[in-house]
Every structure is written in C-alpha cells, then in structure tokens.
Amino acid sequence: MKLGYFPGCTLKTNAKHFEDSAMQVMELLGQPLEEMENWICCGTVFSMTTDDLMLQLASIRNLLRAENQGYDELVTLCSMCYNTLKRAKEFILNDEENLRKVNDFMYREEAKFKGTTDVVHLLSILKDRITFDEIKNKVTKPLTDLKIGAYYGCLLVRPKELAIDDFEDPTIMEELVDTLGGEGVVFPYRLECCGAYQTVTEKDVTVKRTYEIINSARNAGCEALITSCPLCAFNLDQRQKETSEEFLEFSTMPVFYFTELMAIALGLKWNKDWKKLHYINPVPLLKEKGLI
Amino acid sequence: MKKIGVFICHCGINIKDTVDVERLTIELENYPGVAYIENYMFMCSDPGQNHIQDAIRENKLDGVVVAACSPTLHESTFQAVLKESGLNEYQMEIANIREQCSWVHTDIEQATHKAKLIIKTAIEKLKLNESLYPVSAPVTKKALVIGGGISGIQAALDIADAGFEVIMVEKKPSIGGHMIQLSETFPTLDCSQCILTPKMVAINKHKNIKLYVNSEVESIDGYIGNFNVKIKQKALYVDPHKCNLCDDCTEVCPVLVPNEQEEGLSWRKAIYIPFPQAIPATYTLDLENCLGLEPIACGKCREKCTAEAINYDAADMIIEEEVGAVIIATGFDLYPVENIPEYGYGKYPDVITSLQFERILSATGPTGGEIYRPSDGKVPKEIVFVQCSGSRDPEHHLSYCSKICCMYTLKHAKLYKHKVHNGQPYIFYIDIRAGGKLYEEFVQQAVSEEGILYIRGKVAKIYKEGDKMIVVGMDTLSGKKIEIKADLVVLAMGIVPSEGSHDLVKTLKINTDDKGFLSEAHPKLRPVESLQAGFYLAGTSQGPRDIPDSVSQASGAAAKALILLSSDKIYHSPIIASVDEDLCSGCAICVGTCPYGARELNEVSKVVEVNEILCEGCGACISACPSGAAQQKNLTDDQIDNMIQIIASGK
Amino acid sequence: MSLKITREKIKNSLVDKIEEISGQNVFDCYQCGICSSGCPVTDYMDYSPNQVMRLLQLGSVDEILNSKTIWICSTCLQCSTRCPKGIEVAQVMEALRTINLRQREGTLKPEDIKSKELKDLPPIALVSAFRKLTG
C-alpha cells in the first residue's frame, strides 16, 4: 500500500506548523508521508453544480497525477482538501459521461483518470491503520489535565456519505485526545460551521461565529481547541483578535492543529517557529501543563 | 354444445365511449356456442340482472358471459343471478372489458377489437367449465386473541360476551398494554387507568375467557375455522393461586433492575408485581435478572414466602389450544430514540420520551404524579415538547406520520400546565393533526386559554448548558430562529410495530407492509381482516392509531371473527387445485411450492393430496408439476390452451 | 406587497434551471423548517432557508436571486444533512449563486480587499471566497 501526501495551498504557508508536525509525527509512527509530485490547488471548495465540470478539474487532475505516480491512497491533512478531492472523485465517477468529458479536457495529461486512488484523511489513517492503541504505546509526555475540545467543523462529517465518523455524533478526535493522555471534551458547537470563506466578505459573521464557538467550548470546560482545517483554524484563532475587540468580556483560547499536540505527546520537540503561526499564544498553557 | 348467453355492459360511458358495443353484439352473434347476446347500459343494475334471468329462462341457456368490469367487483353479483335462475354459479364468466380494455385505451377501433378477443376467450373458457360447489369445513367455535393491550382486551370481551370462548395470550406478566402506562387520555382528560382497569378485571372474571400471561404463541397450524395453536408459557415460579400479594419477597430480593413499566425512571426487584392493578394479580419472578434459582445462589424470596407460593422447580410449558379465529393485537413500541443523537437522549437525563413523561404525569408513576425532572428533581418551569421525533422523516427515520403524537403532546402540555401553573410549555410542531371528534376544540382551547405556545418548525438540536437544556429550533411562521433554555425536554416519539409483532409475523407468515405493520385485506373495505383467512387485525399492530380508533377496530375485528364463529360451516371457493391420481408420480415437487401448506404426499398411495380448505387456488403447484397431474379446477390446461389460441389468432 | 401567482409563474423556466443545476426537486419540501433551525447563519439572512424553498415553490425566483441569504450561506451542509426529505438545500443555494455568477454578478470584487487583509488572509480563504462569490 503506497501512501501519497497531498499538501494543498495553505499547508505550505499559514499552516506550515500543521504540515511540519504531521510529517514528524508520521515519521515517528513509522509511516512517513511522501509528498506527491506536481500537485496543484484542489480548488478549495467543492462545486455543487451538476452542469459545470470545469470546476471539478483541479481536483481530478491531482487525483489523476497521484494515480500515475502509483499511489493507492492520497492522504490529506487539510479537511477541505479531503472533502473536495473526495467529492469531486465520487461526482465524476458516478457518471460515465462526466468521466469521459473530464478526460477529454485533460488531453495533455499522460494517462486517463480512472479513479483508482482513494482519498483518505490523516485522522482515519491514525485510527484505522496505525491504531490509537499503537499511538498510546508511544506517548511519552501525556497531555495530563489538558481539557481539549475537538472542533470538527463541517468538512470531516458532511456530506454524511464521506464522514470520517458518525456524522451527528463523531468521537474520533476526542478518542485521539484521550489516547494522548488528555481529556477530550464534547462541546455543543463542535460540528457547527465557523463561517468559512465568509471571513473575506462578511468578517462580522465569522467574528460572531468564533465568539459563539469558543464560548461554547469554554462553557463545556475546554482549555484549548484542536482542528484539522486551516480555514477553521484561521477563523477560530486569528479572528479572536476582532472577537476580543467586539466583545469585551470575551476570553481567548488557543487553537491547535491536532498534530501539534500529537508531536508534544509523542515527545517531539515543540518548534518555536510554530508559535509565530498562532495568533493566540499557546505557550503559556503548554507551560502551565508542563508540556514544554 | 353449451348454449351460452353473452351480456355486454356499457357501464354508462365507461365502456361504451371506447368500445363499440353495438358492433360487438353483431359480430359475436354467430360465434359458435353463442345462443343469445345483448348489450345494456348497466348490467349490474336490477333491470340489467333481470335481463340476464329472462334470457336464461327464455333461451334455456347453460352458461353466461358478462362482459363488464373486473370480477373483483361484480363476480358475486352475477353468480347470484345464475343461482337464482337455477344454474350453477360456476357456469358464469366475466370478460373484463373495462379495467383491461376501455379504461386503458383511447382508440375505438383497437379497443373494440381487443374487447372482442377478451369476450371470445371467456366464451372458450366457459365451454369447458364444470359445475362446482363450494368446499365446506366445520368451525371450532373459539377465538385466540394475541396481545393484552386495549385492542386485545376489547376484542376478547366482545367475543366472550357474544357467548364464545376466548384464549388470550400476553407476553408480559400483566395485561393492560401501553394504555395502563398512560396518565390521562385526550381529549377528555379522563384517567386512563380508571377506564381501563374495569375492562382488565372483566377479562379476569369472564367465564368465557382463559388468560395466559408471560406467554407467547409458538406456532399456529391448520386453517380458517380449524387452527391448532401452541402457546409457550414461561415457568410460573410464583403460583398465582397461592400468592397473597404480601410483598415480603420483594423486600428481601437483593436485585435492582430498571422498571420497564416506569420506562426506566425507577427500579424494581427481580421478583415483583408489575403494577398494583396488574391482572392477573400476582408476583412474578424475572429469571433473567434473578441471581439464580439455586438456593445456594440466593433463595431469599422462597425462604421468606409464608404462603409457599414460590417454586424454583417450575418449568416452561407448552399449551395446545384449538381455535377457529385469531385476532392479532400486538401493539406498538416507540421508535428507538437513540437513533436521533442530535436530540441528546441518553446523554442528558432531562431529555425524555413521551412515554416517560406519561409516567411522570401519572398518579401511580415514580413521582406520584408530581412533575419533577429526572436530573435533580426540580420542578421544570420551562418545558419543551418536540413533535415528529422520528416521524415524517423518510431520509433518516420513519416516513409516516405516527398520528397520535399531536394529540398526546398537547395533552402532556395541558396536564403539565394544570400542575405547574406558572410554568411555560412550548410545542415545536410541523403540522397540527387534530382530525377527531373534539380534537380541534382541544387544540384551540389550549392555545387561547391555557398559554401553551406552539412554535412551527422542527428542532435541529438540543444540548446542555449549565443545568438548562438549550433547544435550537425555528419558527417558520415568523422566519425567526428560536432558542429556548428549557428545564425539561419531551420528545414526542413516533411509533413502530412492537418487537413481539415482528416475531409473530415470522412465525405465522402474516403479510405486513414495508413498515412492518400488519396488512389489511383491503385498505378501505376490509380493514380488520388479514389476507390470510381466519386472521383479524386490531389496534396499532395494523398502523398508528389512538385509543378510540383502536377500540372501534377491535370491535370490528371481533364482529368479523364472530361471523366466522357463529357459522356452523365455512365455505371456500372451489376454484382450487386438483390432482389426477393416474398422472401423479409422487415426486412431491408441488408440496414445497405450495405457500399455504395445502399439499401433502400420501405415503401409502404415493400420490399427492390437496387440502381443499387450505388451497387458495394460486396455481403455483400447477406450474411446478412436471407431469401435468396438477390442474386448477375450471382453469385447466385445455381451457388455457383454447384461450391462448383465440388471443394468438388475433381474430 | 402581495405576491401575484399564476400558473405560468409557478414552475417557470428559472425554477426549472435551478432544479437542473442543483439536481433537486423544490417541491419535495414540506416546510418542516429544520434547514433553518440547524443553519448556523440564519440570523444574518434576509430569507431563512425554508423561506427560500417556499419562494421557489411559488415561482418567485427574482426575490431570492436578489437576496442576501444565498451569499451568506457558507455551504456547511447542515441543512442537507438533516432534511427529512433528503433535499440538498445547500445545492439549491449553490444553484442560486451560480445563476448570478454566470451573469458576472458576485459579491466579491478582488479590488475591494484591502492590502492589509490580503496579507493576513490564508490562501484557503481567498481561493474559496473567489470561487464561491466572484462572477
């Protein structure tokens, strides 16, 4: 089984710490991630129109290239890449006419798209392939006393056909937190949208969403959040700046990519550069818990 | 050759507008065998029937073809006409030129031609028809009622009051069903237990009723009027005749299990009485939860019982009974609430089901009828009811409307308001279905006078914040999203056929619909009969319905069963399979294909025999028989050949 | 103002187009409202999602095409996931946006983004916003 890694646009920039920590963690777990060659942006959002195949091309082109490079599975870290690649694949493969047309469009590629490479999210690899038991064995610095809310957002659980867990009541991320020795806290807003790309045109909306989501987490006893989506991470972390300005009583909360906490728990060194990519400084909390 | 009369019906314009009946009459006049032909506006009318009678008499006809509507509608009408004229009713054939011709075609030429072919096939079939006489069998004048809820109770009492014996089988330790769990009933708010317990007592005291509780029907063999029933009764560890209801055994029993009668809101012991008014009034030992019948394991209850009613050596029993009719009244269960995780049942103790709320409201319930919420025993001041929990959701849950929830939820809200005067009930609903006598008035009064607030929209999710349940919904009428900080949330669960009903259906091979509810023989005209002869349906086993409807249907089922029980003999259509003993090789292939168990190999003669009462004339055996020994009466291979030749010739 | 309904207006060609682009039958909706109660951004919309479905049933497409709702929708799919009739409400919203976008009528113009914002926003936010909101 050959695993390829698809980074996507933000993993090389704003979410570099997500990629770094994931790479290190997977190396340590004996399943190093091999970045596929010649990838392009997946298109970020999946287009839900039935009549415009052009909007599916970016995703399909990536999958075609992964196929040609011999990958059985393409792993993503970003929830949005996972969602978009996987839905584009299902959409095109579901209709022979669509399949024929996209292949027509991509005449310059070396081969035809057949849909043989599966799209998998890293969380599924951790749970099903490596197993949480195995990870637990490798924990050297348990996240003791750290209460963490897993923020799933939309893209890991909807549409329900590609949800990585129960779409109304997922537990995979809380289980992972527990595996790392922390306490996975279920909070009511963990499946509610952060406002996504509205952050560009309707900043107010995302600020209010952030306010509600972070408060929901705090009320449930969370001290920090984890996520796997760089857009959620931006809205929930960076937008806490505006949230604090608008709501004076608001108290901030660090937001991590789940792999950052894995790195810490598995005894890897906390990289000081990662801090720069956080808006809410996570260091005091990590220090308080004796994790760095 | 038979002298045949042909009678072509216009059915007003239904046939006449598409089929040229005048031309048909002329064209068929000289067809071999036709001794008389006419057409008429309504053959089924009284004058129409007189035409046929007159023609039979004047032309000395041997048989009649009526070209009209489907035989399901008027076959029996015209059979009666022949009988009155002194002919055997099986010398009558219907040529269906309405449903199978005029209604489905528009071209007059083609339709007329097709009608002609249909009539000719009927004439050819009639030529070889034998005169047949209905098959008869005796009737065991006793009924079996399966299920001891309100429907079963009503049906049993009606049959017993009419003077016939009834065997009642109930799975649980007491009869009473769901109705005994209810507090009050809508729309009159009379006490459910007060109106039900007299009927339960009547069952117990009735000389014509024999009651088996803790029992299940294991099998039913035989046929309409003549069923053999095997009933499995769980071991009677407590002898109901000796038990004096002193409660000493319960006091010493060390085991606590959730009380199912209280929907898990309180606990009971492993030896217990289900509720004070239980019928039969006796304690029951629940083997599944008992520490063990060996005195070494526990044995406390037997030690304590001064009446010596407890016998650990009791064993399960198989009881056999013979009955003529069976009434199925196996009731409902709530739709599994854990299938709706977004409503948080199981995670939050203050999200409860509608049946749990019935118990909280009930004077005999775990709170003595005072309204306290499960988590901390506080009186809820803001209470939210969520209708259509599981219902009307073909994508995830039940596609159908469970019918009773609108009214029981309103009843809940009213009863709540009567006890918590300063409390506020909210009802999330999609549509209010109040189509019953005094139901709409019940709704209107609640909205205008009792301060119950209806909010039109489906709840998206429920979660906990502090000690409140946050209910997120929508008021589609104002277009506003609604958030309520509730103290208690009641989910108005939809209903599904009971688990016992599923098991029984498998045992009895009774037809159900795709939801698992028992199928009626006809949705409008035979709503209380099963397609399987001798089985009658009552209550929610057939579909969601409230108490008045269940009781009416139970009485209806009883009346149908009484028709059967009050006959000395039952009659059955003679259009059934027969066996040509000279041709039958005894291979018994047909025995396996018969869905009714009507065929059996006679081990002595090595020839298959047909049970004429069981045979439904479906024809499965005839197509399976490799030697042509199996034939359907009045639908023989020769008759079918002749009919095919007409169709194939196209003339 | 009252809505004038005629048989031509109901199921007009624009409704057909929306059904075609979205692959949904707007008449499947029976107005239970769960799309709106589950929607995280109903509060910012001028028409709630169930009202959008209703207006489509009434053939009143222009009203929705000019609404704020279709642009506030962030395609989180909560409505589609919960709909008891299996209607992909989010796909209907996408179809409504698409009709506007194909006429070059979006809500996001690149020149409107301030350079400071541009520096802060991650690529994932910019690309997705342009894809969803720019004609």
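The values are calculated or read from the model by the stated rules, or taken from the named source; none is laboratory data. Keep in mind the model is a prediction, meaning the values are calculated, not measured. Using ideal geometry, Cβ is built from the backbone for each residue, glycine included, and neighbour counts are taken over all protein chains shown.
For (1) closer than 13 Å to residue B:8 by Cα; (2) in contact with an Asp or Glu (Cβ under 6 Å, 6 or more places away or on another chain); (3) surrounded by 20 or more Cβ atoms within 10 Å (Cβ to Cβ), each residue gets a yes or a no:
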| residue | (1), (2), (3) |
| --- | --- |
| B:42 | yes, no, no |
| B:46 | no, no, no |
| B:59 | no, no, no |
| B:62 | no, no, yes |
| B:68 | yes, no, yes |
| B:84 | no, no, no |
| B:88 | no, no, no |
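Residue selection: residue C:18 fails the criterion of being β-branched (Val, Ile, Thr), closer than 25 Å to residue A:157 by Cα, within 13 Å of chain A (Cβ to nearest Cβ) and touching a helix residue (DSSP H, G or I) at 6+ places or on another chain (Cβ under 6 Å). Are any of the residues in the range A:126-149 part of a helix (DSSP H, G or I) and more than 23 Å from residue A:22 (Cβ to Cβ)? Looking for residues that are part of a helix (DSSP H, G or I) and more than 23 Å from residue A:22 (Cβ to Cβ), one finds none in the range A:126-149, hence no. When the residues of the range C:66-75 are filtered to those that are away from chain A (no Cβ under 12 Å) and surrounded by fewer than 20 Cβ atoms within 10 Å (Cβ to Cβ), which remaining residue is nearest to the chain's Cα centre (by Cα)? Only one residue tops the list, namely C:67. Once the range C:76-87 is narrowed to residues that are facing another protein chain (nearest Cβ under 7 Å) and outside any helix (DSSP H, G or I), the residue that is farthest from residue B:430 (Cα to Cα) is C:76. Of the numbered criteria (1) surrounded by 14 or more Cβ atoms within 10 Å (Cβ to Cβ); (2) out of contact with any Lys or Arg (no Cβ under 8 Å at 6 or more places or on another chain); (3) in the same structural domain as residue B:360 (by TED's automatic domain parsing); (4) over 24 Å from residue B:340 (Cβ atoms), the one residue B:457 fails is (4). Checked against (1) buried (at least 18 other Cβ atoms within 10 Å of the Cβ); (2) part of a strand (DSSP E or B), residue B:322 passes all but a single condition, namely (1). Could you tell me whether any residue of the range B:98-114 is under 33 Å from the mean Cα position of the chain (by Cα), closer than 27 Å to residue B:642 by Cβ and in a strand (DSSP E or B)? Checked against the condition, which is being under 33 Å from the mean Cα position of the chain (by Cα), closer than 27 Å to residue B:642 by Cβ and in a strand (DSSP E or B), the range B:98-114 yields no hits at all. Here's a check for you: in the range A:189-218, which residue that is among the charged types (D, E, K, R) and not in a helix (DSSP H, G or I) is surrounded by the most Cβ atoms within 10 Å (Cβ to Cβ)? Looking at the filtered set, the residue picked out is A:192. Applying the selection to the range A:107-134, what residues are over 22 Å from residue A:72 (Cβ atoms) and more than 19 Å from the chain's Cα centre (by Cα)? Passing the criteria: A:107, A:108, A:133.
Scanning the range B:120-174 for residues that are modelled with pLDDT under 95 and touching a His at 6+ places or on another chain (Cβ under 8 Å) turns up B:134, B:135, B:136, B:137. Is it the case that residue C:113 is in the same structural domain as residue C:61 (by TED's automatic domain parsing), of a type in the set (A, V, I, L, M, F, W, C) and surrounded by fewer than 21 Cβ atoms within 10 Å (Cβ to Cβ)? Answer is no for this residue. Filtering the range B:364-392 to residues that are farther than 21 Å from residue B:424 by Cα and polar (S, T, N, Q) leaves B:364, B:391. Could you check how many residues of the range C:21-40 are within 14 Å of chain B (Cβ to nearest Cβ), in contact with a helix residue (DSSP H, G or I) (Cβ under 6 Å, 6 or more places away or on another chain) and surrounded by 24 or more Cβ atoms within 10 Å (Cβ to Cβ)? Counting residues in the range C:21-40 that are within 14 Å of chain B (Cβ to nearest Cβ), in contact with a helix residue (DSSP H, G or I) (Cβ under 6 Å, 6 or more places away or on another chain) and surrounded by 24 or more Cβ atoms within 10 Å (Cβ to Cβ) gives 7. Tell me yes or no: at least one residue of the range B:406-413 is surrounded by fewer than 19 Cβ atoms within 10 Å (Cβ to Cβ) and either in contact (Cβ under 8 Å) with a residue 12 or more places away in the chain or in contact with a helix residue (DSSP H, G or I) (Cβ under 7 Å, 6 or more places away or on another chain) (or both). No; the residues of the range B:406-413 include none that is surrounded by fewer than 19 Cβ atoms within 10 Å (Cβ to Cβ) and either in contact (Cβ under 8 Å) with a residue 12 or more places away in the chain or in contact with a helix residue (DSSP H, G or I) (Cβ under 7 Å, 6 or more places away or on another chain) (or both).
Looking at residue B:392, is it modelled with pLDDT of 95 or more and under 30 Å from residue B:174 (Cβ atoms)? So residue B:392 fails the test. Just so you know, in the range C:90-135 the residues that are outside any helix (DSSP H, G or I) and small (Gly, Ala, Ser) include one that is nearest to the other protein chains (Cβ to nearest Cβ), and it is C:106. Please tell me if residue A:160 is within 30 Å of residue A:102 (Cα to Cα), among the basic types (Lys, Arg) and either within 14 Å of another protein chain (Cβ to nearest Cβ) or more than 16 Å from the chain's Cα centre (by Cα) (or both). Yes: the conditions hold for residue A:160.
Of all residues in the range A:169-188, which are in a loop (DSSP other than H, G, I, E, B) and either farther than 23 Å from residue A:87 by Cα or in contact with a strand residue (DSSP E or B) (Cβ under 9 Å, 6 or more places away or on another chain) (or both)? Across the range A:169-188, the qualifying residues are A:170, A:171, A:180, A:181, A:182, A:186, A:187.
When the range B:3-40 is filtered for residues that are in a helix (DSSP H, G or I) and buried (at least 17 other Cβ atoms within 10 Å of the Cβ), the ones remaining, listed by number, are B:21, B:24, B:28.
Taking the conditions exactly as written (over 25 Å from residue B:323 (Cβ atoms), at pLDDT below 95 and within 32 Å of the chain's Cα centre (by Cα)), does residue B:590 satisfy them or not? Against the criterion (over 25 Å from residue B:323 (Cβ atoms), at pLDDT below 95 and within 32 Å of the chain's Cα centre (by Cα)), residue B:590 qualifies. If you filter the range B:597-647 down to residues that are touching a Gly at 6+ places or on another chain (Cβ under 7 Å) and assigned to a loop (DSSP other than H, G, I, E, B), you find that the one that is surrounded by the most Cβ atoms within 10 Å (Cβ to Cβ) is B:614. Residues that are within 10 Å of the chain's Cα centre (by Cα) and either within 12 Å of chain A (Cβ to nearest Cβ) or over 27 Å from residue B:388 (Cβ atoms) (or both) within the range C:45-65 comprise just one, C:65. Screening residue A:94 against (1) among the polar types (S, T, N, Q); (2) closer than 26 Å to residue C:133 by Cβ; (3) within 13 Å of chain C (Cβ to nearest Cβ) leaves a single unmet condition, (2). Being at pLDDT 95 or above, within 14 Å of chain C (Cβ to nearest Cβ) and under 16 Å from residue A:120 (Cα atoms) is a property that residue A:80 has.
Pick from C:61, C:52, C:89, C:41: which is out of contact with any Gly (no Cβ under 6 Å at 6 or more places or on another chain) and farther than 23 Å from residue A:51 by Cβ? The conditions single out C:41.
Meeting the requirement of 1 or more residues that are away from every other protein chain (no Cβ under 12 Å), touching a strand residue (DSSP E or B) at 6+ places or on another chain (Cβ under 6 Å) and among the hydrophobic types (A, V, I, L, M, F, W, C), the strands (runs of 3 or more DSSP E) wholly within the range B:388-496 are B:424-429, B:453-456, B:480-486, B:488-493.
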